[in-house]
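Report on the following structure.
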Amino acid sequence: MTDAHRKILVLFAHPALQKSRVNRALIRGLDVMDGVTFHDLYERYPRLEIDVRHEQELLLQHDIVVLQHPFYWYSTPAILKEYQDLVLEHGWAYGREGRALRGKILLNALTAGGSEEVYCAQGRNRYTVRRLLAPIEQTASLCGMRYLAPFVVHGTHALDAAEIELHRRDYHRLLEALRDDRVDLDAAARATHVNADIDAIVRTHTH
Ligand SMILES: Cc1cc2nc3c(=O)[nH]c(=O)nc-3n(C[C@H](O)[C@H](O)[C@H](O)COP(=O)(O)O)c2cc1C
C-alpha cells in the first residue's frame, strides 16, 4: 500500500458523460486510486441541488482539490459555478473567520476542443487557458489556497485512443505525485500548463 501523504478530492463535472471520450478515459481507475476520492457532481446532483454541508465536510477531509471538467465557453460546466457560489461561504471559505481551505492545493484538470496554438495572445482565442481560468485562480487565492497551473488536454476532437491513453497516464502520474508529495509545487504554480513539461515538475522518488 502506498504511503499517502495527502488526500485528493476530484470534483468531476461532465454533464454528458455518455458522449465523453476524453474525460471518460481520464477518470478510468480514479475511483480505486489510493488516497483519491472521486466525486461525480452531475451524477450526485443531476438537478444541481448541492448539499452544501456535505461538500464542505468533503473539502475539509482533503488536502488537494482537483476540478476535472471539459472546457465549456472558456470556463467550467455550470455545476462547478453553482458549487463555488454555494459551498464557498463567507465566514467559512473566506472573510475574517473563513479559514477552512487555507493551505490546500487547487488544480484544474480540463479537456479543450481547441489546440494549444489557438490559446495564446496571437491565436484565435487570444488568451492562454490559464489566463481564462483567472476567476478560479483568484478565488483560490482569496480562500488562501495554492493554485497550480492547469492540467490541460488540448485538441480533444483530433486525439486517437493511443494519444488519449498517454494523457491518462500523465494525469494519473501527476495525481499520484501530488498525493505522495513528489511535485515541485513552485514550478507547478509558475507553469502555463502543468503537463507541458511534466518530467520537470514530477520527481520520481521522495527525498
Ligand atoms: C457547451 C460546450 C462548450 C464548449 N466550449 C469550448 C471552449 O470554450 N473551448 C474549447 O476549447 N472547447 C470547447 N468545447 C469543446 C469541449 O471542451 C470538448 O468537446 C471536450 O473537452 C471533449 O471532452 P470529452 O470527450 O470528455 O467530452 C465546448 C463543448 C461544448 C459542448
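The values are calculated or read from the model by the stated rules, or taken from the named source; none is laboratory data. Note that the structure is a prediction, hence the values are computed from the model and not measured. Positions of Cβ are backbone-derived with ideal geometry, glycine not excepted, and every protein chain shown enters the neighbour counts.
In table form, for the structure just shown:
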quantity: Conditions (1) surrounded by fewer than 18 Cβ atoms within 10 Å (Cβ to Cβ); (2) aliphatic (A, V, I, L, M); (3) touching a residue at least 40 places away in the same chain (Cβ under 8 Å); number of the one not met by Leu175; calculated: (1)
quantity: Condition met for Thr192 (within 16 Å of the ligand (Cβ to nearest atom), surrounded by 15 or more Cβ atoms within 10 Å (Cβ to Cβ) and either more than 15 Å from the chain's Cα centre (by Cα) or under 20 Å from Pro77 (Cβ atoms) (or both)); calculated: no
quantity: Residue match in the stretch 149-163 (condition: surrounded by fewer than 14 Cβ atoms within 10 Å (Cβ to Cβ), touching a residue at least 12 places away in the same chain (Cβ under 8 Å) and under 20 Å from Val36 (Cα atoms)); calculated: no
quantity: Flag if Asp3 is more than 12 Å from the ligand (Cβ to nearest atom) and modelled with pLDDT of 95 or more; calculated: no
quantity: Helices (runs of 4 or more DSSP H) lying entirely in the stretch 10-117 (those with 2 or more residues that are of a type in the set (Gly, Ala, Ser)); calculated: none
quantity: In the stretch 56-78, the residues that are away from the ligand (no atom under 13 Å from the Cβ) and either among the polar types (S, T, N, Q) or closer than 25 Å to Arg21 by Cα (or both); calculated: Gln56, Gln61, Val65, Val66, Leu67
quantity: Members of the stretch 6-20 found to be aliphatic (A, V, I, L, M) and either away from the ligand (no atom under 16 Å from the Cβ) or surrounded by 20 or more Cβ atoms within 10 Å (Cβ to Cβ) (or both), listed by number; calculated: Ile8, Leu9, Val10, Leu11, Ala13
quantity: Residues that are within 16 Å of the ligand (Cβ to nearest atom) and either at pLDDT below 95 or basic (Lys, Arg) (or both), drawn from the stretch 21-55; calculated: Arg21, Arg24, Arg28
quantity: Cβ pairs under 6 Å, 6+ apart, first in the stretch 65-87 and of a type in the set (Phe, Trp, Tyr), second assigned to a helix (DSSP H, G or I); calculated: Tyr74/Leu132
quantity: Among residues of the stretch 137-159, those that are of a type in the set (S, T, N, Q) and within 16 Å of the ligand (Cβ to nearest atom), counted; calculated: 1
quantity: Which listed residue is farther than 19 Å from Val10 by Cα, more than 16 Å from the ligand (Cβ to nearest atom), surrounded by fewer than 17 Cβ atoms within 10 Å (Cβ to Cβ) and of a type in the set (Gly, Ala, Ser), from Gly98, Gly123, Gly91, Gly103; calculated: Gly91
quantity: Condition met for Leu166 (without any contact (Cβ under 8 Å) to a residue 12 or more places away in the chain, within 16 Å of the ligand (Cβ to nearest atom) and of a type in the set (A, V, I, L, M, F, W, C)); calculated: yes
quantity: Any chance Phe71 is among the aromatic types (Phe, Trp, Tyr) and in contact with a His (Cβ under 7 Å, 6 or more places away or on another chain); calculated: no
